[in-house]
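The values are calculated or read from the model by the stated rules, or taken from the named source; none is laboratory data. Only a predicted model underlies this, so the values are computations on that prediction, with no experimental measurement involved. Cβ placement follows ideal geometry from the backbone for every residue including glycine, while neighbour counts extend to all protein chains displayed. Only protein heavy atoms, including side chains, enter the accessible area calculation; ligands, DNA and RNA are left aside. Shrake-Rupley method; radii C 1.70, N 1.55, O 1.52, S 1.80 Å.
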Amino acid sequence: MQVSLSSPVRAPARPGDGAGERLATGSLLLPLACLGLALLAFAGTVLGWILTHPEVGGWDQIGYGDEALRDLVALARGGLGALRDSLFLEARHHPPGHRLLALPLGLAGHADMTTLRFMAFGFSLLTAAVVGLVARRAAGTSAGLLAAAAFLMAPVSLFAAEEFLSETLLLPALAGLLWCLAREATGEGGWGNALLLGACLGAGALARLSFIPQVAPVLLAGLAVMLAGDRARLPRMLLAGTVAALIAWPFYAINGGRYIGYARFALTEWHSHQVKNDSPIGYLGNWLWFVADWAFGPFLAVALAGGALAALVLVGRAAWQARPRAAAGAGAWRWPDPALGIAAAALLLAAPPIAGHILATNHNPRFLLASLPGLAVAMAIGLHRLPWRGGRTTGLRIAMGLVAAQAVALALVARWPAAPPLAGLTSMQSRPGLACDWRPLAALLPADEPKLLLLGQHDGFNEVQVAFAFHRQRRAVTTVNLRSRAPWDRIAAEAARADHVVALLAGDTRDIPYYRESFRPIPGGSEQRMNLVSEALLDRLGTEAGFTHRQAIEAPGGGGCRAVLLSR
């Protein structure tokens, strides 16, 4: 059946929904068992981690929650005007989507870190459900169940469900975008779908700047198809663009330049997770190993790669067959069926994060998570549509076995030391936390909004960690963090403006598990990054800056932080 995107029609049955599209026996027992196993492993791992680790254990993780709590402090102290200023003028290096997401919980009095992390868990389940619905619309129920299970089993998905991050909003926005595009591909898009598409685009842009270049290829491709013969959809797409602009533009108009600057720094200048690149072949091999270990897990990586390649081949063949045939009088772009249009959209959505990760110098596995919704959908469609000697369900069965194997591995590695090729799965249950709880410091400073100069730096001692101790108590604080090796003139100038100085004396120097033989460690290691404060600098602060009173502080937590509070 030929379906033209220039004249969309409602098919008698959704692509893949017929009896012939299901398992040969007509039974959904195998895909349901696969999804059930994945759900059990996912929920057990994520909820177990949240409940047994109530204190958030990472710099970034605490940072996202602290920004949300700071908005609530501003609202309590200065009303809506102060909240507006906080949203637009604080933490200006990235969009505030996660903070807006947490705001209703804060207004209801439930914006603690545990609640925010449970919200992340719920939004991850929502994303998996939408991903499954998109795959079901294109390739049937079995493929939908497989796509949902695959999304849940990636280590990066587990991490996003365990912590409150920018991905908390980014993932449902990407899944919602795929859902809207799938409805357009099957001719079921309307004005309501356009409104939802605009909301997803706006939410994604507020979640992370990289969302914009990620969705640009699929949106441009869709626009090209519409201009080729389906211009009746253009008013609806204009509405979607207007809604997205109304949601995101105010923040980008004020802070867009800062978003771009920070994104450039994070991708090209930050080397905390850098794959070695001694040779192109060696680099590619190490990168693929990293992806299979830390990002997607070894079993799921095989399924995703095989299914995505199959989808790419099928889409390429369909595109060639659907090229305009002007000589035959068929100038509109035609696809054999909408399912491959959905697969094309999923591949286009997955490609930019993967390409960016290969080309960047910061290979944080989190950056690959944005490709997972598209990869899961493309995998399910590709494995379903690829002709197999044993029938169309052969590929789906193989992928279900791989996903189930990863779920079993996740359950078995809970007590194992992190080691390839299961280090990513293991770290979701046993990664070290080097955060420190600085509430003992907050208890020593009852004054309202103290100005603190922080000297030294560590995973557990920085502006984020210290401010979080105050913000979680709904107290304001002003902090400036300098390395202990900063010039004395700079230290003295900041000390003159501070009420107190907090100097780091000791901290845990364990490297996080990313620093393995496949990666290039930071020169000097953790010792260099910490910048502990010397006794000579403490004496100089006392004699030349007037901070003569010292009080020792030990901050509980995995970071083993010990500091001294200097007062005049």
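What angle do you read, to the nearest 10 degrees and between 0 and 90, between the alpha-carbon axis of helix 488-497 and the longest principal axis of the chain?
The angle comes out near 90 degrees.
Given 0.36 nm per residue, what is the gain on full extension from residue 264 to residue 567 after removing their alpha carbon distance, in nm? The partial results should precede the final answer.
Values: separation 303, 0.36 × 303 = 109.08 nm, distance 3.88 nm.
That pair, residue 264 and residue 567, stretches by 105.2 nm at full extension.
Given R₀ = 25 Å, FRET efficiency for residue 33-residue 305 by Cβ-Cβ distance, to 0.05? Each step should come with its number before you reach the end.
Details: r = 24 Å, r/R0 = 0.94.
Computed FRET efficiency for residue 33 and residue 305: 0.60.
Give the long-range amide H neighbours of residue 481: residues separated by 5 or more places, or on another chain, with amide H under 5 Å away, using H modelled in the peptide plane at 1.01 Å from N.
454
Kindly express, to the nearest 10 degrees and within the range 0 to 90, the angle between helix 372-385's C-alpha long axis and the longest C-alpha principal axis of the chain.
20
Just check the range 207-314 against the gyration tensor rule for me: Cα atoms, a ≥ b ≥ c as the square roots of the eigenvalues, rounded for a/c under 1.5, and otherwise prolate or oblate depending on whether a/b exceeds b/c. Walk me through the numbers on the way to the answer.
Numbers: a/c = 2.86, a/b = 1.38, b/c = 2.08.
The shape class here is oblate.
Using the Karplus curve 6.51 cos²θ - 1.76 cosθ + 1.60 with θ = phi - 60°, work out ³J(HN,Hα) for each residue of the range 42-54 in order, rounded to whole Hz, and write x for Gly and Pro.
Once θ is set to phi - 60°, the couplings for the range 42-54 become 5, 5, x, 5, 5, 5, x, 5, 4, 6, 8, 10, x Hz.
As I understand it, the value is the acute angle between the Cα axis of helix 167-185 and the longest principal axis of the Cα atoms of the chain; what does it come to in degrees, rounded to 10?
20
Only residues of the range 106-136 count here: report those whose backbone N is under 19 Å from the spot 7 Å along Cα→Cβ of residue 52, or say none.
Residues passing the 19 Å test: 114, 117-118, 121.
With point charges of +1 on the Cβ of Lys and Arg and -1 on the Cβ of Asp and Glu, referenced to the Cα centre of the range 104-205, which listed residue (164, 138, 121) lies farthest in the positive direction of the dipole?
Projecting each Cα onto the dipole axis, the largest value belongs to 138.
Quick check for you: with a 1.4 Å probe and neighbouring chains kept, what is the accessible area per residue of the chain, in Å²? Walk me through the numbers on the way to the answer.
Numbers: 23310 Å² over 568 residues.
Computed with neighbouring chains in place, this is 41 Å² per residue.
Full-extension gain between residue 59 and residue 411, please, as 0.36 nm times their residue separation minus the C-alpha to C-alpha distance.
Details: separation 352, 0.36 × 352 = 126.72 nm, distance 2.69 nm.
Length gained, residue 59 through residue 411: 124.0 nm.
Is the range 120-205 rounded, prolate or oblate when judged by the Cα gyration tensor, a ≥ b ≥ c being the square roots of its eigenvalues, rounded requiring a/c under 1.5 and prolate requiring a/b larger than b/c?
Values: a/c = 3.24, a/b = 1.25, b/c = 2.58.
Oblate is the answer for the range 120-205, as a/c is 1.5 or above yet b/c matches or exceeds a/b.
Suppose every K and R has +1 on its Cβ and every D and E has -1 on its Cβ; what is the size of the dipole of the chain about the Cα centre, in Debye to the nearest 20?
Values: 47 positive and 36 negative charges, 338 e Å.
The calculation lands at about 1620 debye.
Within 10 Å, count the other beta carbons around each residue, average over each peptide in 49-62, 532-545, and list them highest first.
Working: 49-62: 17.1, 532-545: 15.5.
Most protected by this proxy first, the peptides run 49-62, 532-545.
Scan (1) 73, 52, 51; (2) 89, 50, 46; (3) 83, 65, 41 for the value of Cα extents along the principal axes in Å calculated from this model and give just the label.
Recomputing Cα extents along the principal axes in Å here picks out (2).
Rounded to the nearest 500 deg cm²/dmol, what is the calculated helix-only ellipticity per residue at 222 nm for the chain, with -39500 (n - 2.57) per DSSP H run of length n ≥ 4? If you can, show how the numbers build up before the last one.
Numbers: 21 runs with 345 residues, N = 568.
Result for the chain: -20000 deg cm²/dmol, rounded to the nearest 500.
Using a basic spin-label model with each label point 7 Å from the Cα along Cα→Cβ, how many nm lie between residue 389 and residue 281?
It is 3.1 nm.
Please list, ordered by chain and number, the residues whose modelled amide H lies under 5 Å from the amide H of residue 476; skip anything fewer than 5 residues away on the same chain.
449
Give, in nm to one decimal, the length gained when the segment between residue 85 and residue 549 is fully stretched (0.36 nm per residue of separation minus the Cα-Cα distance).
Values: separation 464, 0.36 × 464 = 167.04 nm, distance 3.58 nm.
Fully extending the segment from residue 85 to residue 549 adds 163.5 nm.
Carbon and sulfur atoms: what percent of the 1.4 Å accessible area of the chain do they account for? Mind showing how you got there, number by number?
Values: 14950 of 23310 Å².
Carbon and sulfur together cover 64 percent of it.
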